[in-house]
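Below is one structure, written out as structure tokens; the observations come after it.
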Amino acid sequence: MLPVSEVFETVQGEASWAGTPAVFVRLQGCNVGCPWCDTRHTWAIDPANVVDAAVMAAKTQDAPTYANLEPAHLAACILATTEARHVVITGGEPAMHDLTALSRELLNGGRSVQLETSGTAEIRIDPRAYVTLSPKIGMPGGLTVRRDAVLRDDEIKMPVGKPADAERLREPLAEYRFYGKRVWLQPLSQSAKATALCVDAATRNGWRTSVQTHKSLGVR
């Protein structure tokens, strides 16, 4: 069973898939503890907050409620009721859960699948899926970015709020020989200061800046 916080259609606004209409599947549960997190309602897995699928689907605002769904049932619902051809599995920290069955069903159904993960948990997903690693280094949860997660991902998307954030990438990039893949720097809260830091670091290192285009479009 997968604890599903919400499912909604929007446009992926970040990194390599920016501009792509997408179905977002937000899973419940996270033990990373990022101070700037804007989805804290997804952190706790509490049986008291379990609702049925219809109530979850009707959710219109952030809430800690979620529905426990079989991967095959969730995939069938997405394939039958949504139009966007790209599916983004996010959280919370979705890699806390085994995503192999869900991703396989979606891919076999003709959708592309993208996972957004902090890299702090084992990635269990169909090998055809695209993995975006947003490395969470030195967070309150005390977890480290796993070597196997860095080796599995297709791109890195690093949240940046201060100069040290971009610099933190250097060690794992060198240690795990992360070469030839795209590295994106994403300014926290789209602040002017953070954006300038990202542009400067991207220019110096041959990286890219992710500007969260969905916010400019006025969608989720």
Springs between alpha-carbon pairs under 10 angstrom, Gaussian network model over the chain: which of R128, R152, R85 fluctuates most? R128
Kindly state, to the nearest 0.05, the FRET efficiency for A164 paired with D38, given R0 = 22 Å and r defined as their beta-carbon distance. 0.55
Computing the accessible area with a 1.4 Å probe over protein heavy atoms, can you report the carbon and sulfur percentage for the chain? 53 percent
What longest region of the chain stays clear of GluC sites (Glu not before Pro) that DSSP places outside H, G, I, E and B and that have at most 14 other Cβ atoms within 10 Å? 123-220
Here are some values of semi-axes √(5λ) of the Cα gyration tensor in Å: [x] 29, 21, 14; [y] 30, 17, 16; [z] 28, 18, 18. Which one was computed from this structure? [z]
For a paramagnetic label modelled at 7 Å from the Cα of E171 toward its Cβ, which residues of region 118-151 fall within the zone defined by backbone nitrogen distances under 12 Å? 137-139, 144-145
Taking every DSSP beta bridge that has both residues in the chain, what percent is antiparallel when rounded to the nearest 5? 30 percent
Would you rank M1, M96 by solvent-accessible area, highest first, keeping every protein chain in place and using a 1.4 Å probe? M1, M96
Distance between region 23-62 and region 94-156 - C-alpha centres, whole angstrom: 18 Å
Pull up the cross-link candidates among the lysines for K193, meaning alpha carbon to alpha carbon under 23 Å and not fewer than 8 places away within one chain. K136, K157, K162, K215
So how do 17-27, 70-80 stack up, highest first, on mean other-Cβ count within 10 Å? 17-27, 70-80
Where labels lie 7 Å past Cα in the beta-carbon direction, separation of K193 and C77 in nm: 4.2 nm
Rounded to the nearest 500 deg cm²/dmol, what is the calculated helix-only ellipticity per residue at 222 nm for the chain, with -39500 (n - 2.57) per DSSP H run of length n ≥ 4? -7500 deg cm²/dmol
Per residue value of the accessible surface for the chain (all protein chains in place, 1.4 Å probe), Å²: 47 Å²
Classify region 8-132 as rounded, prolate or oblate from the Cα gyration tensor: take a ≥ b ≥ c as the square roots of its eigenvalues, call it rounded if a/c is under 1.5, otherwise prolate when a/b beats b/c and oblate if not. rounded
3J(HN,Hα) from dihedral phi, region 125-130, Karplus parametrisation 6.51/-1.76/1.60, rounded to Hz, x for glycine, proline: 7, 4, x, 7, 6, 9
With θ taken as phi - 60° and the coefficients 6.51, -1.76 and 1.60, list the Karplus ³J(HN,Hα) couplings across region 139-152 in order, rounded to whole Hz; mark glycine and proline as x. 7, x, x, x, 8, 10, 6, 7, 4, 5, 5, 5, 6, 7
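The values are calculated or read from the model by the stated rules, or taken from the named source; none is laboratory data. None of these values were measured; they are calculated from a predicted model. Neighbour counts run over all protein chains shown; Cβ positions are idealised from the backbone, glycine included. Side chains included, ligands, DNA and RNA excluded: accessible areas come from the protein's heavy atoms. Shrake-Rupley method; radii C 1.70, N 1.55, O 1.52, S 1.80 Å.
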